[in-house]
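Notes follow once the structure below has been shown.
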Ligand SMILES: [Zn+2]
């Protein structure tokens, strides 16, 4: 989204996890091919891609708690285009909607939606592995069943980022079954459906269509 704003062109855009819990460390990350030193890190950030700084790993932006505009108490979630045409008040209760990140970026943008900055490092949107397992099992991401399946995946296939980014799909299928392999393939191909977050409500990313599994 930041590629829409020319004022950000001179910056190397990075993506970092917040640290509310150990489990969430590394769900967003920067890909660097440098020696492990502070000067090398600084140099990669200053110079930007293609040398040293290779890109970012991120959640799908729709998963954020404030992607679209909305009013959570009324269950109202709306696209900024709708806000522009219909106004910024909740159609249910009349209160001012909480403006989302996408709306703000579009206000600051001086390029058309979908623009890709020339020479920019790539970004790779991912879905946390526990969320994929949760969707497949039909159980909450914090349940014991999901934790057990998740730990089994790490033992058989490697680290979470390796599984999501680079382990061959047929290796995942052999170790963990066709549903996990297909889920990872779809995330890599960005074949997912999203329900954007709004007004403090997390968005949802799904890889399977309703009724497709289970
Ligand atoms: Zn309302």
Could you list, ordered by first residue, the pairs with Cβ atoms under 8 Å in which the first is in the range 81-98 and away from the ligand (no atom under 13 Å from the Cβ) and the second is in a strand (DSSP E or B), at least 6 apart or interchain? 82/69; 83/69; 86/78
Just for helices (runs of 4 or more DSSP H) wholly inside the range 99-205: which have at least 2 residues that are over 30 Å from residue 70 (Cβ atoms) and in contact with a helix residue (DSSP H, G or I) (Cβ under 9 Å, 6 or more places away or on another chain)? 144-157, 160-165, 169-176, 178-188
Restricting to the range 47-98, count the residues that are in a helix (DSSP H, G or I) and crowded, with 18+ Cβ neighbours inside 10 Å. 4
Considering only the range 99-123, state which residues are surrounded by 15 or more Cβ atoms within 10 Å (Cβ to Cβ) and more than 16 Å from the ligand (Cβ to nearest atom). 101, 102, 103, 105, 106, 109, 117, 120, 121, 123
Mind listing just one residue for me: the one in the range 18-33 that is in a loop (DSSP other than H, G, I, E, B) and crowded, with 16+ Cβ neighbours inside 10 Å and, of those, modelled with the lowest pLDDT? 27
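The values are calculated or read from the model by the stated rules, or taken from the named source; none is laboratory data. Computed from a predicted structure; not experimentally measured. In this analysis, Cβ positions are derived from the backbone assuming ideal geometry, glycine residues included, and neighbour counts consider all displayed protein chains.
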